[in-house]
Structure formats: structure tokens, C-alpha cells
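All of the numbers you see were taken from the coordinates with simple rules; none came from a lab. The structure presented is a predicted model; accordingly, all values stated were derived computationally and were not measured. When we count neighbours, we look across all protein chains shown, and the Cβ atoms used for this are built from the backbone with ideal geometry, even at glycine.
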Amino acid sequence: MSGTPAPVAIVARGRILAADLAALAAGVRAGQRLSTALGLAPGLSVRERDLPREAAALETLACWAGRFTPQISLAPPATLLLEIGGCLRLFAGAEALVAAALAGSRAQGYTPAWAVAPTPLAATWLAWGGLAALRADEATCAAALATLPCTVPAWPAEVGQRLTAFGAATLGDLRRLPAAGLRRRIGSPAVDELLRAWGELPDPRPAFVFPEHFVRRLELPARVEEAPALAFAGRRLLAALAGWLDGRQRLARRCRLDLFHDGGGLSTLELRPAEPSADEGRLHRLLRERLDRLHLSAPVEALALEADDWIPRPGESASLFERPPDGEGVLACLERLQARLGDEAVHSLAAVPDYRPECAGRERPPGEASRPVAPPAGARPLWLLPRPERLREGAGRPCWHGPLTLKGRPERLESGWWDGGEPAAAGDVRRDYFVARNPRGQWLWVYRDREGWFLQGVFG
């Protein structure tokens, strides 16, 4: 980041709405007039509230939360509701699930207020009231609700004034009043919300629909001049992508990270795992490798991540006995090599149904599936020379570091008439192949045709 971060506060209609830790340490508080806050912290950086960006951030968090449950509801401007009753066994209980959710949200720079309760409204009010705890049963939830002040933030101010006028201080006080009389005093909407919080009225919520295409943009709090420093912000987007992939039951084959430079320039990083994946950690390792080797042409002020190539996630059966991971794995190693050497420098080999040795293999991107091909009947070396090397003859035998001893019977290959005469094609070949050994003990693959003896491969 450029420079030392200054205290930051969000304002709306001339009053402080929220402040970061540096501003809080200087005495800035929510609800203060802006002039008061500037008097306490002269270097305060002030930003107007941006509701569209808040809504986008809440939707990005909802995508990220797809890793915990597919049942998510948004309660704008800043509340996310997760239905976790059906996911507890997957995470070995509510405590582990809540711990994972809190750790993940803090890793993205958020400081969540949370609560677990049988009804969404009870969880919302308890979180707003700072009563963070697991209250899965109705009795403990009702007891906690009863201690909350009856000035619910979402209710109109006049409702709070009427409740104060007739001496009600907590939601427990309201519960003891006759419902009919309470409706006449504060109106039916507030009373219905009370009943929904206690679970006495149904409280259906519209489900968050994971977008069909994942495209998320993140504005950086300050310009970034060094590429490795973008890894933290990039991880926030990758975390949301991983949750979206879980929610949509998909695997990413490729995603694109756009870097928006100060001045209008644009750079793009392509992340292509060795096999389709929804693993946030794996994608982040790939991103770090790319960023470590990237030189920024100009400071970056925003990022955007798009998953533009994905496949449906196949169904998988869980193993009865869990196996510990065996290190990084071949595919992760391939991803790292691609990130360091470039996509064009790393390939896998696929067999092709062609009898000619120089045409029987083809380079493919790592992890790309190929059609199975029946193996040839004869022996084949692992290493083929780029071009067959002509061998000299001595005493009627081919020589390579000495005269060769031929082992076994020859294997006749006649194939390729269809591309004979084409430029750069192997053409029509008629060869007798032998496994041979030289005086150094090397095992070789040689052939003889009408032009003489040639060495084409080495067994070891």
C-alpha cells in the first residue's frame, strides 16, 4: 500500500455512520457530527456512504457463504442469514461451523456480529444486541430475547417513544402485555415481528439465488504499487468464487483476474488449475505464484474476478475411512510449474492411435482428458530422440558407443502411406525395429530401413 493508512470514517447526512479502528482510537464514534469527528481526528479520511457498493459486498459475502449452506437470505443493508440446521453433520456441529464462518469472514477483513437462534429474526436481533452465542433451543433463545431493549433498530422511532411512555424497557416486558392492547398502541407490524422472533408466526425469507455467472469487482482502499500486495484482496474474491462454485455445484477450469490501473490501464491474469477445481487454497497458491512474477506498469486501484470456464461438479462418494493428504500432489506441482515457467512450457503426453513412433504421442494441457488407446504389442522406450540418428556400421553391425548387440526378433512397422509427400509429415515408413544393447550397457531402440540403421529411442 502507498503510505500509512489514515483513520477512515463513513458518513451519511453529515453524521458518522461507521469508523475504522484508527478512527475509534482517536475518539470518533457513530452518530457524531462530522465537524466533531474532524475536531477529534484532524487527519480523518471521510467517505460518503455508498449503498450500491454495500449491496455488492453483501452479495459477494453471500456467494462466499455458499460453502456452508445453500439456504441463504439477505437482509440489507448488512445482515446475512444462513440456515444451518441441515449442515451441522457436515461440519461436525454448530460450534465448528460458526468458528469456520467467523474465521473466514475475519480473513476477508470483516468484523461480524453473529448469533445462532431457532428463528431468523431472533438471530438478527440477538446479533444486533451483541449477544453472540449458540441458542439452538427455544427456551434459551426466548430468555435471551427477553433481555434485549424494546427499542428495536428496525422499528420506527415513534414506536420506541410510545413504549418508553408506558414504561416498557425490554422485549420481555412487551411479551407480558396483552397482544390486543399492544397492537392498538404500537401497531400490528411491530407485534407481528415480536411473534415471528419468538417463533409463534411463520417467517419465510426469500432465498438468495446464486448468480448464473460469477463476476465480482473489488475496489481497493488505497492504490497498490507492488503486485504481491494484491494477494490479500485477490483472496477475498477467490473465497467468494469458491463459495459460488459450491453453491452452484461447479468446478472452475479457468478464471480471469483483471487489474484496473490508476489512469485507466488494464492487466489480466489467467488462473488455470491443472484440473477443474473449487479449492480456494489451490487457486490462491496459483494467484500468488503469478503475482510474485508480475511487474505492475502502474498502481492498481480495483480488481475484478470472473469465472469464464467451468464444468458441472460430478457426484462423489465419500470414503468410509478418511485418508490424510499425501503432500502437495502431482496436479498442484504442475500448477506451480505452469505459474513459474508459463503455460506453454508444461505439457502432459497423450497417446494417439498411430503405429509410427514419432506420431504416437501428442502434447496436451496438463489434466486434459484424452481417449484411451490400446498399447502397442512390442516394447517402447520412454525417451524418443527428436529425430532418428543415423548409425554407422562396423563388421556388419550398427554401432553407437561400440557395436550393438541385437536382442530378440525384429518388429516390422509399415504405416503412414496417407501423408506421404506432405511437408513436415512422417510419411510412409517401412522399418524393422530391434531392442539393442551397446558395450556401455545401454538399452536402445534402433531400426533398419532401406537407408540404413537409425537410433530412435533409449530405454534407460
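Looking only at strands (runs of 3 or more DSSP E) that fall completely inside the stretch 1-88, which ones have 2 or more residues that are small (Gly, Ala, Ser), farther than 24 Å from PRO204 by Cα and free of Cβ contacts under 8 Å to residues at least 60 places away in the same chain? Please lay out each step first, then the result.
Numbers: elements: 8-12, 15-19, 45-48, 72-75, 79-82.
In the stretch 1-88, the matching strands (runs of 3 or more DSSP E) lie at 8-12, 15-19.
Filter the stretch 127-140 for residues that are touching a residue at least 12 places away in the same chain (Cβ under 8 Å), of a type outside the set (Asp, Glu) and out of contact with any helix residue (DSSP H, G or I) (no Cβ under 6 Å at 6 or more places or on another chain) and give the result.
Matches in the stretch 127-140: ALA127, TRP128, GLY129, GLY130, ALA132, ALA133, ALA136.
For the stretch 341-460, which fully contained strands (runs of 3 or more DSSP E) count at least 1 residues that are touching a residue at least 60 places away in the same chain (Cβ under 8 Å) and among the hydrophobic types (A, V, I, L, M, F, W, C)?
383-390, 429-437, 443-449, 452-458
Residues that are within 40 Å of the chain's Cα centre (by Cα) and surrounded by fewer than 19 Cβ atoms within 10 Å (Cβ to Cβ): find the helices (runs of 4 or more DSSP H) completely inside the stretch 122-208 holding 2 or more of those.
138-146, 188-197
Give the number of residues within the stretch 89-121 that are over 28 Å from the mean Cα position of the chain (by Cα) and either at positive phi or not in a helix (DSSP H, G or I) (or both).
The number of residues fulfilling the criteria is 3.
Hand me the list of strands (runs of 3 or more DSSP E) wholly inside the stretch 211-304 holding 2 or more residues that are of a type in the set (A, V, I, L, M), in contact with a Leu (Cβ under 8 Å, 6 or more places away or on another chain) and surrounded by fewer than 19 Cβ atoms within 10 Å (Cβ to Cβ). Write out each step before concluding.
On the way: elements: 215-224, 250-261, 266-271.
Per the criteria, 215-224.
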